[in-house]
Amino acid sequence: QVQVVESGGGSVQPGDSLRLSCAVSGRTVSTNFMGWFRQAPGKGREFVAAMNRSGGAPNYADSVKGRFTMSRDDVKNTVYLQMDSLTPEDTAVYYCATAHFVTRVYFSDQYDYWGQGTQVTVSS
């Protein structure tokens, strides 16, 4: 059974940083696709970042490129999302997801296991 557990959310001020963690059991993060998505109140789920199972640099949404960094710890079987220079527009519930195969990393429908989400609130 695959379990995905996010942590690290919180309430911060604009310009602050947060690091989200996504611990996975039952599936190896280094040999599967891993993605971060977010959903703001009243909006649909939005792609944030993803790592291809074959390696290489992560993919990022244009809205977070240059501010967010996705990384992986194969020993801990955990992926991270380092979020810097946060703005109020980054306020959302952040979800981690995994898939054995996807054709497009930004298509949320292609991920088969999801975490429960962690709230990130950015306000002054």
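Under 9 Å by Cβ, and 6 or more places apart or on different chains, what pairs join a residue from region 41-62 that is loosely packed, with under 14 Cβ neighbours inside 10 Å with one that is assigned to a strand (DSSP E or B)?
Every condition considered, the pairs that remain are PRO41/ALA92; PRO41/VAL93; LYS43/ALA92; ALA57/MET51.
Is at least one residue of region 89-100 over 15 Å from VAL4 (Cβ atoms) and touching a residue at least 60 places away in the same chain (Cβ under 8 Å)?
No: region 89-100 contains no residue that is over 15 Å from VAL4 (Cβ atoms) and touching a residue at least 60 places away in the same chain (Cβ under 8 Å).
Would you mind stating whether VAL24 is assigned to a strand (DSSP E or B), open to solvent by 60 Å² or more (accessible area, probe 1.4 Å), in contact (Cβ under 8 Å) with a residue 60 or more places away in the chain and out of contact with any Phe, Trp or Tyr (no Cβ under 6 Å at 6 or more places or on another chain)?
Numbers: assigned to a strand (DSSP E or B): yes; open to solvent by 60 Å² or more (accessible area, probe 1.4 Å): no; in contact (Cβ under 8 Å) with a residue 60 or more places away in the chain: yes; out of contact with any Phe, Trp or Tyr (no Cβ under 6 Å at 6 or more places or on another chain): yes.
No; evaluated as a whole, the condition is false for this residue.
Restricting the search to region 58-91, which residues are aliphatic (A, V, I, L, M) and either closer than 24 Å to GLY26 by Cα or part of a strand (DSSP E or B) (or both)?
Answer for region 58-91, where residues must be aliphatic (A, V, I, L, M) and either closer than 24 Å to GLY26 by Cα or part of a strand (DSSP E or B) (or both): MET70, VAL75, VAL79, LEU81, MET83.
Can you pull out the residues in region 29-40 that are open to solvent by 50 Å² or more (accessible area, probe 1.4 Å) and either hydrophobic (A, V, I, L, M, F, W, C) or at pLDDT 95 or above (or both)?
First pass over region 29-40, keeping only residues open to solvent by 50 Å² or more (accessible area, probe 1.4 Å): 31, 39.
Hit for region 29-40 is GLN39, nothing else.
Pull up region 92-124, narrow it to residues that are in a loop (DSSP other than H, G, I, E, B) and in contact with a strand residue (DSSP E or B) (Cβ under 6 Å, 6 or more places away or on another chain), then point me to the one that is most open to solvent (accessible area, probe 1.4 Å).
The extreme case among them is TYR106.
The values are calculated or read from the model by the stated rules, or taken from the named source; none is laboratory data. If you're wondering where the values come from, they're calculated on a predicted model, not measured in any experiment. Cβ: placed from backbone, ideal geometry, glycine included. Neighbour counts: every protein chain shown. Protein only, heavy atoms only, side chains kept; ligands, DNA and RNA dropped before computing areas. Shrake-Rupley method; radii C 1.70, N 1.55, O 1.52, S 1.80 Å.
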